[in-house]
Amino acid sequence: FFFQAEDGIRDTSVTGVQTCALPISRLAAGHAHLDSGPVTPRTPPALSLVIATRRDAACRPHPLRRALAAIAAAEQPTGGVEVLVVDQGDDERVARIIAEPVMRGLHVRHVRVGWVNADRARNLGASLARAPWLAFPDDDAAYAPDALVRAVQLIAAEPAALVVGGCLVDDLDRPHQM
């Protein structure tokens, strides 16, 4: 799901897509450290993807690596994508994944925090996001190769929408209702 990055509640619908209204809070409190990363472009990206990863995810790096590699390999929409990885781990594993060659060209901002709380991590990521649209993929999820471009196309087709969603498909390509 992609959420418009502004506060407010509004009912809307997109033909063929389930939508719901939801306010997005850009407030986050607590201790965080933004690791140095790629230079932030002046123009905001089309989409911001906020991935909250926990200590146990840092101990199982393969799902996060797969998620980031899928984003890096996906067709990029006009304006590009930024990925904010909010790292709730206490070691360097996530930083090493982000630095892997397959991630080159992907605009990743690595944010380390000193607490474990997925909601807080997502709120912090949302507060740092620069795009007008946000998504919160899990650290073990992967987008289809055309998902980001299709999301931007849906957003362009329905500029009044606050939420745009799609179909969840498991590892065996079976669709699931949400």
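Quick check on segment 70-92: of everything there that is among the small types (Gly, Ala, Ser), open to solvent by 30 Å² or more (accessible area, probe 1.4 Å) and closer than 12 Å to residue 105 by Cα, which residue is farthest from the chain's Cα centre (by Cα)?
Selected residue: 73.
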Report the residue count in segment 105-135 for those that are buried (at least 19 other Cβ atoms within 10 Å of the Cβ) and of a type outside the set (Gly, Ala, Ser).
12
Output yes when any residue across segment 147-157 is closer than 21 Å to residue 63 by Cβ and in contact (Cβ under 8 Å) with a residue 40 or more places away in the chain, and no when none is.
yes
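So which residues in segment 50-59 are without any contact (Cβ under 8 Å) to a residue 12 or more places away in the chain and either surrounded by 14 or more Cβ atoms within 10 Å (Cβ to Cβ) or under 14 Å from the mean Cα position of the chain (by Cα) (or both)? I'd like the intermediate steps shown before the answer.
So the first thing to find is which residues in segment 50-59 are without any contact (Cβ under 8 Å) to a residue 12 or more places away in the chain, and the list is 56.
The answer is none; no residue qualifies.
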Pairs returned, first residue in segment 119-134 that is under 18 Å from residue 162 (Cβ atoms), second residue that is assigned to a helix (DSSP H, G or I) and open to solvent by 20 Å² or more (accessible area, probe 1.4 Å), beta-carbon separation under 7 angstrom, 6 or more apart or interchain, are 133/155
Subset of segment 136-153, residues open to solvent by 50 Å² or more (accessible area, probe 1.4 Å) and farther than 14 Å from residue 73 by Cβ, comes to 136, 138, 140, 150, 153
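The values are calculated or read from the model by the stated rules, or taken from the named source; none is laboratory data. Note that this is a predicted model, so its numbers are computed, not measured. Every residue, glycine among them, receives a Cβ derived from its backbone with ideal geometry; neighbour counts consider all protein chains shown. The area values use the complete protein model at the heavy-atom level, side chains included, leaving out ligands, DNA and RNA. Shrake-Rupley method; radii C 1.70, N 1.55, O 1.52, S 1.80 Å.
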